[in-house]
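Trainee: The structure that follows is given in the form of structure tokens.
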Amino acid sequence: MFIPALEKGLDFLRRTQNADGGWGYRQDNDSTTEPTAAAVLALPPSAERARALDWLLRTQRADGGWGLNAGDDASEGVGMWAVWALLIAGEEAAARRGLAWVAQMPVLRANDPISSDLLGVNPALSGWGWTADSGSWVEPTALGVLTLSLGGETEHPRRAEGLALLR
């Protein structure tokens, strides 16, 4: 039962890949980073996977990160998915640039007493946000911690701070 469902999903990915090698959030949407990276993680080695990896490599920004799509002028938290995909696929150089970007990705700190009291946020800690001008969110913080872990950066102070924030 599992194998037919898996094959059906892989067939869907093969049929819906965009001409540029990526995938959008929906069929026939422009390619974006997160679904393209997720497809790389799902696909076995194949021509489709190679084209998707090429899309990720072409769209990596000079700072090591990725925007939501190829035309974005700023790196965003969805790029952590691309780092995962590159690590799993063995694209070491690009993955290392991505890991360096994850480790230094800026985030706003919740440093006002209202945020601390109302939300229970420790203002001394920060994780990751979706964008450079947002505060820490649970999902991108978890992605940041997991990405640094997958990349072997288990002792990185940013990872430790993210873990502390999630606790």
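The values are calculated or read from the model by the stated rules, or taken from the named source; none is laboratory data. For clarity, every value in this text was computed on a predicted model and none was experimentally measured. Neighbour counts are summed over all protein chains in view; Cβ atoms, including those assigned to glycine, are modelled from backbone coordinates with ideal geometry.
Trainee: Assess whether residue 50 counts as being outside the structural domain of residue 141 (by TED's automatic domain parsing), out of contact with any helix residue (DSSP H, G or I) (no Cβ under 8 Å at 6 or more places or on another chain) and under 30 Å from residue 124 (Cβ atoms).
Mentor: It is false that residue 50 is outside the structural domain of residue 141 (by TED's automatic domain parsing), out of contact with any helix residue (DSSP H, G or I) (no Cβ under 8 Å at 6 or more places or on another chain) and under 30 Å from residue 124 (Cβ atoms).
Trainee: Next up: Sort through 11, 28, 20 and tell me the only one that's more than 15 Å from the chain's Cα centre (by Cα), at pLDDT below 95, assigned to a loop (DSSP other than H, G, I, E, B) and surrounded by fewer than 19 Cβ atoms within 10 Å (Cβ to Cβ).
Mentor: 28
Trainee: Sticking with this one: Among the residues of region 136-152, is any at pLDDT below 95, β-branched (Val, Ile, Thr), loosely packed, with under 15 Cβ neighbours inside 10 Å and part of a helix (DSSP H, G or I)?
Mentor: yes
Trainee: Oh, and also: Would you confirm whether any residue within region 107-117 is assigned to a helix (DSSP H, G or I) and at pLDDT 90 or above?
Mentor: no
Trainee: Return yes or no: is residue 66 part of a loop (DSSP other than H, G, I, E, B), aromatic (Phe, Trp, Tyr) and assigned by TED's automatic domain parsing to the domain that holds residue 6?
Mentor: So residue 66 passes the test.
Trainee: So, one more: Here is a list of conditions, (1) in contact with a Ser or Thr (Cβ under 6 Å, 6 or more places away or on another chain); (2) modelled with pLDDT under 95; (3) not aliphatic (A, V, I, L, M), and residue 63 meets all of them except one; can you say which number that is?
Mentor: Here residue 63 meets the rest and fails (2).
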